[in-house]
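*Asks:* Sharing a structure below in structure tokens format, with a few things to ask.
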Amino acid sequence: MAQAFFGCELPTLTGKANTRSEDIMALVDIMRPQASPAPLIRIGGGGDGAYLLPDDLAGIRACFSPGVCNMKPFEDELARSHGIRSHMCDFSSDSDSLFTPLIEGMQTFEKRWLDLPGTPDSTDLNSWISDYYPDTADDLMLQIDIEGAEYRNILHAPPETLGRFRVIVMELHALDQMRERAVAEAVFEPFFKKLDEQFICVHAHANNWRGDWRVPGTTTRVPMLLELTFLRRDRFDAPQGKQPEPVLLPHPLDIVNVANKDPLYLDESWLNGPRPMASRMHIVEQRIGRLPDRETEGVLNSLPALLAQTNQAIANLRAETLPRPEGSLTELATGKPFTTSSTVGWMKGKGEVQAAETFFFHTLPGLYESITIDFLSEHPLYTLEIENRQDMCQERARFLFYVTHSEPQPDLTRAFPVCADANFVSKPPSISRTDIGGVKVRYLTIFSGLNSHLHLAAIRVYGYAFSALS
């Protein structure tokens, strides 16, 4: 007799982990995030039920959201901040039970399940969207968290129906069941292959409500619950005006779904390289945030010292291979041109390095916000001195990194931490000094390891001008 997995009919289950590891890894490859053509933004606030989406929402007519469970912060933010309508359904709820009232003209709710055609008290995906948007040219969005029913609904949706969604964000359940060959062949393989035909994953986030498991014979661990964001393939061909976003696992905008449980992170095998610095710093911050309040301040204060020790050890190694020539050092940065990764409206994104009472540049908030100084020619650089702004927001400079480079574009994976003690982000005098070690380069870039603004009062770099070496 056939058995069912979340409503999908299967052959008799064996209860054994008998799916080949290479077949599981082929499914992991479809879930593995790729660089997004647009930066990721968080929609829905800071709690469970919010998701990261590519900032490619202009022109999306509406979001379809089955399974709201009385909460709709995601749909409320879509309406208020992006002008996107939402259509919701959930037989376990009703409109009077929603934590926030429906926004007139922007939101609808139906007391029905999302399920296969003919299922009582339900609507199917194709009929649901056709009732509201019969014009197939309309771009839509799907946000789906329906406790395992996502598999049968996606599997039975016509490809042309799925193709109407520019973005699909979903929570997948019971991923440990892909170890059972019957489930993998009947559910997971056709499910992921169907998505892969039209979509590319741009973000993955492990929900820590349940644990994870290791794919046999590999180092890859797969969460039981996994939130995925997919972007339709044609959007990767649309010009976005900037380089693709780096894959960050975790992304600095990710949250811990269940606060009283340990965070759960996708391991580095989900990346095509080492875990980026922004992700590492986010893990550190989340782990510090779980400490008792009495311990948090001490850990935060100790981190800059630890980074400083690491940097000094690196500088000492450099000094052994780059001996310091005779003569006094010269301050080389002041008056040299700089460019920033972004800028607030009242400032320029380029200019000449100078000291200021507050700050001489100010970026927008974001990942890897940076300032690059061009020394106009190569110089041996020995000391980096940074003065933090002192009027407010000093904590935004808590985790700074620098990279020296000879080409205009820096390789941020080759960065080193800026040395700074607790005073650098708390009270004047807010000055850090970092030993660079005598590397001969033309450019120096300073960037933030946080998802934050970058603004500094002064940057001074000491080294040798060519005249001093002649």
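The values are calculated or read from the model by the stated rules, or taken from the named source; none is laboratory data. Being a predicted model, the structure only gives us computed values, none of them experimental. In this analysis, Cβ positions are derived from the backbone assuming ideal geometry, glycine residues included, and neighbour counts consider all displayed protein chains. Please note that ligands, DNA and RNA were not included when accessible areas were found on the heavy atoms of the full protein model with its side chains. Shrake-Rupley method; radii C 1.70, N 1.55, O 1.52, S 1.80 Å.
*Asks:* Quickly run through the range 417-432 and pick out the residues that are surrounded by 20 or more Cβ atoms within 10 Å (Cβ to Cβ), touching a residue at least 60 places away in the same chain (Cβ under 8 Å) and not aliphatic (A, V, I, L, M).
*Replies:* PRO417, CYS419, PHE424
*Asks:* Continuing with this model, one more query. Looking at the range 334-374, which of its residues are outside any loop (DSSP other than H, G, I, E, B) and under 30 Å from the mean Cα position of the chain (by Cα)?
*Replies:* If we filter the range 334-374 for residues that are outside any loop (DSSP other than H, G, I, E, B), which is where we start, we get 337-340, 350-352, 366, 370-374.
The answer is PHE338, THR339, THR340, LYS350, GLY366, SER370, ILE371, THR372, ILE373, ASP374.
*Asks:* Please go through the range 403-416 and give me each residue that is among the β-branched types (Val, Ile, Thr) and buried (at least 19 other Cβ atoms within 10 Å of the Cβ), ordered by number. Explain how you work it out, then say what you get.
*Replies:* Residues of the range 403-416 among the β-branched types (Val, Ile, Thr): 403-404, 413.
If the condition is that a residue be among the β-branched types (Val, Ile, Thr) and buried (at least 19 other Cβ atoms within 10 Å of the Cβ), then VAL403, THR404 are the ones that fit.
*Asks:* Let me ask you something else. Would you be able to tell me the number of residues in the range 210-243 that are more than 17 Å from the chain's Cα centre (by Cα) and at pLDDT 90 or above?
*Replies:* 20
*Asks:* Restricting attention to the range 385-402, and to residues there that are among the aliphatic types (A, V, I, L, M) and surrounded by 18 or more Cβ atoms within 10 Å (Cβ to Cβ), which single residue is nearest to HIS455 (Cα to Cα)? Don't jump to the end; show me each part of the working.
*Replies:* Filtering the range 385-402 for residues among the aliphatic types (A, V, I, L, M) gives 386, 392, 397, 400.
Now drop any that are not surrounded by 18 or more Cβ atoms within 10 Å (Cβ to Cβ), which leaves 386, 397, 400.
Values: ILE386: 11, ALA397: 8, LEU400: 11 Å.
Step by step, filter the range 385-402, then rank; the result is ALA397.
*Asks:* Sticking with this one: Would it be correct to say that PHE375 is modelled with pLDDT of 80 or more and touching a Leu at 6+ places or on another chain (Cβ under 6 Å)?
*Replies:* Values: modelled with pLDDT of 80 or more: yes; touching a Leu at 6+ places or on another chain (Cβ under 6 Å): yes.
Taking the combined requirement at face value, the residue satisfies it.
*Asks:* If I filter the range 433-447 down to residues being open to solvent by less than 10 Å² (accessible area, probe 1.4 Å) and touching a Lys or Arg at 6+ places or on another chain (Cβ under 7 Å), which single residue comes out as nearest to PRO380 (Cα to Cα)?
*Replies:* GLY438
*Asks:* Let me ask something else. Scan the range 448-457 and tell me whether some residue there is in contact with a strand residue (DSSP E or B) (Cβ under 7 Å, 6 or more places away or on another chain), within 23 Å of PRO274 (Cα to Cα) and open to solvent by less than 10 Å² (accessible area, probe 1.4 Å).
*Replies:* Among the residues of the range 448-457, at least one is in contact with a strand residue (DSSP E or B) (Cβ under 7 Å, 6 or more places away or on another chain), within 23 Å of PRO274 (Cα to Cα) and open to solvent by less than 10 Å² (accessible area, probe 1.4 Å), which makes the answer yes.
*Asks:* Note down all Cβ pairs under 6 Å where the first residue falls in the range 16-35 and is closer than 17 Å to PRO223 by Cβ, the second is aromatic (Phe, Trp, Tyr), and they're at least six residues apart or on different chains.
*Replies:* LEU27/PHE188; LEU27/PHE192; ILE30/PHE192; ARG32/TRP270
Conditions tested, residue by residue: (1) open to solvent by less than 50 Å² (accessible area, probe 1.4 Å); (2) of a type in the set (Asp, Glu); (3) closer than 25 Å to HIS173 by Cα; (4) assigned to a loop (DSSP other than H, G, I, E, B).
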residue: CYS69; (1), (2), (3), (4): no, no, yes, yes
residue: PHE74; (1), (2), (3), (4): yes, no, yes, no
residue: SER92; (1), (2), (3), (4): no, no, yes, yes
residue: ILE103; (1), (2), (3), (4): yes, no, no, yes
residue: PRO120; (1), (2), (3), (4): no, no, yes, yes
residue: SER127; (1), (2), (3), (4): yes, no, yes, no
residue: ASP135; (1), (2), (3), (4): no, yes, no, yes
residue: LEU142; (1), (2), (3), (4): yes, no, yes, no
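*Asks:* Of all residues in the range 244-280, which are modelled with pLDDT under 85 and in contact with a strand residue (DSSP E or B) (Cβ under 9 Å, 6 or more places away or on another chain)?
*Replies:* GLU245, MET277, ALA278
*Asks:* Okay, next question. Step by step: first the residues of the range 176-197, then only those that are small (Gly, Ala, Ser) and touching a Ser or Thr at 6+ places or on another chain (Cβ under 8 Å), then the one that is least open to solvent (accessible area, probe 1.4 Å). Which residue is that?
*Replies:* Just the residues of the range 176-197 that are small (Gly, Ala, Ser), to begin with: 182, 184, 186.
So of that shortlist, the ones also touching a Ser or Thr at 6+ places or on another chain (Cβ under 8 Å) come out as 182, 184.
Numbers: ALA182: 17, ALA184: 1 Å².
Per the stated criteria, the residue is ALA184.
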